[in-house]
Amino acid sequence: MHGKQCLHRVHLDRSPYNSRATPAWNASTYLTEYYSRIEPTEKFTLRFLLDALTELPPGGRAIDFGAGPTMHTAIALAGHVAEIHIADLLPENLRAIRRWQLRTEDAHDWSAFTREILNLEGLSGPTAAQVSEREMLARRLLTRVMPGNAGRRHPLGAQLRAHYGCVASFFCADSATSSLGEWQRYMRNILSLLAPGGLLVMGALRRCAAWRIGRSRMPSPRVDERHMQLMLDSAGFARACQILEVRTVPDQVGNGFDSIMLVRARAPA
């Protein structure tokens, strides 16, 4: 739908951000239910992301924050940046990413998403070799896979106060808590990763109280475009540098939501 060299376990406290750190969370189940095929949610998201990435200057560094166990955002980023980092709260998700990077037999297959990305970039009918080439590029550019916690003032840890020319974060803060106040705090912390003038590309569930994984429900704070607009305004993003779109996804009603928000904004310089 919609989270390096050494993966260490993150301390999981009792804050709402750790709602995924329950027996209900299973990365394999999540990938099977939401990423066995390219659903409309992801078609909208990928098209929006790739359109936004055309604004980036050559080179630069990007982070996919809160990637979960997914790789499609990084594969999209690979055509537009020189270095990619991925951060997520759960070691289980980071291990799934590492398996794909190392091409282990049990890694999730992202080739259908890679093919869709290449199509959206204008490559008609990409071959298997072209898909493989893009995935190899993503593996090479992915230089850090690390713990990240949006509940912390420094989401990547006090020792790593990195800033990025592009921050992508899809279905992260809005999928981790039922509290609007906590969502606002997580958002502020994620936005702090942007370099001055950096590009934010984000997706969020809209007016969702809980979303489904397996037989469990994960929390969401019912945010909509009004909340998102106020958040960007309070962070100093100029209205002229913002694009906020709402897309309906009626096929997801059974999973707890029927629309998503997509955000593209430039951080104040």
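Looking at segment 50-67, which of its residues are surrounded by fewer than 24 Cβ atoms within 10 Å (Cβ to Cβ) and under 12 Å from GLY79 (Cβ atoms)? LEU50, LEU53, THR54, LEU56, PRO58 - these are the residues of segment 50-67 that are surrounded by fewer than 24 Cβ atoms within 10 Å (Cβ to Cβ) and under 12 Å from GLY79 (Cβ atoms). Here is the figure for segment 193-210: residues that are farther than 13 Å from PRO268 by Cα and assigned to a strand (DSSP E or B) total 6. If you go through segment 215-231, how many residues are basic (Lys, Arg) and modelled with pLDDT under 95? Selection size over segment 215-231: 2.
With farther than 26 Å from ARG140 by Cβ, within 17 Å of the chain's Cα centre (by Cα) and modelled with pLDDT of 95 or more as the only criterion, which of PHE65, PHE44 stands out?
Numbers: PHE65 fails: farther than 26 Å from ARG140 by Cβ.
Every option except PHE44 fails the conditions.
Scan segment 232-247 and tell me whether some residue there is over 26 Å from PRO196 (Cα atoms) and modelled with pLDDT of 95 or more. Taking every residue of segment 232-247 in turn, at least one turns out to be over 26 Å from PRO196 (Cα atoms) and modelled with pLDDT of 95 or more. Scanning segment 225-253 for residues that are touching a strand residue (DSSP E or B) at 6+ places or on another chain (Cβ under 8 Å) and closer than 21 Å to GLU39 by Cβ yields GLU245, VAL246, ARG247, THR248, VAL249.
Checked against the criterion of being buried (at least 19 other Cβ atoms within 10 Å of the Cβ), of a type in the set (Val, Ile, Thr) and more than 19 Å from VAL263 (Cβ to Cβ), the candidates VAL167, VAL145 yield just one match: VAL145. Among residues of segment 40-92 being assigned to a helix (DSSP H, G or I) and small (Gly, Ala, Ser), the one that is nearest to LEU200 (Cα to Cα) is ALA52.
Within segment 168-177, identify whether any single residue is part of a strand (DSSP E or B), at pLDDT 95 or above and not polar (S, T, N, Q), and answer yes or no. Taking every residue of segment 168-177 in turn, at least one turns out to be part of a strand (DSSP E or B), at pLDDT 95 or above and not polar (S, T, N, Q). Residues that are buried (at least 20 other Cβ atoms within 10 Å of the Cβ) number at least 3 in the following strands (runs of 3 or more DSSP E) confined to segment 211-269: 259-266.
Only one of the numbered conditions (1) closer than 25 Å to GLY256 by Cβ; (2) not in a strand (DSSP E or B) is not met by VAL131, and that is (1). Would it be correct to say that LEU194 is buried (at least 17 other Cβ atoms within 10 Å of the Cβ), under 20 Å from HIS85 (Cα atoms) and under 17 Å from the mean Cα position of the chain (by Cα)? Yes; evaluated as a whole, the condition is true for this residue.
The values are calculated or read from the model by the stated rules, or taken from the named source; none is laboratory data. Predicted model, so just to flag it, every value in this text is computed and none were measured. We place every Cβ from the backbone using ideal geometry, glycine too, and count neighbours over all the protein chains shown.
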